[in-house]
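The structure appears below as structure tokens.
The values are calculated or read from the model by the stated rules, or taken from the named source; none is laboratory data. From a predicted model like this one, the values you see are computed outputs, not experimental measurements. Here the Cβ positions follow ideal geometry from the backbone for every residue, glycine too, while neighbour counts run over all protein chains shown.
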């Protein structure tokens, strides 16, 4: 089981971390048993120079390359208090 990526993971990739306006991490989500899932992806906005950071989970149907956002109650939204933004960044 791997941990979720964080912005400092890019520190050895040159100056991407410093110069990027937006950094989006996409990684496997967890199923109900706590194991990595092949049908749930987490999209975590690690850096957003012009707005809040957020995280959303999506159910993936690989055969159709379709991403469906999981129910709002399942999303974990991390927001920047200076903007007072509470809606997940990846809304429909």
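Points worth noting:
- Residue match in the range 70-86 (condition: within 16 Å of the chain's Cα centre (by Cα), outside any loop (DSSP other than H, G, I, E, B), modelled with pLDDT under 90 and surrounded by 10 or more Cβ atoms within 10 Å (Cβ to Cβ)): yes
- Search result, residues across the range 46-67 that are out of contact with any strand residue (DSSP E or B) (no Cβ under 6 Å at 6 or more places or on another chain) and either loosely packed, with under 11 Cβ neighbours inside 10 Å or assigned to a strand (DSSP E or B) (or both): 49, 50, 61, 62, 63, 64, 65, 66
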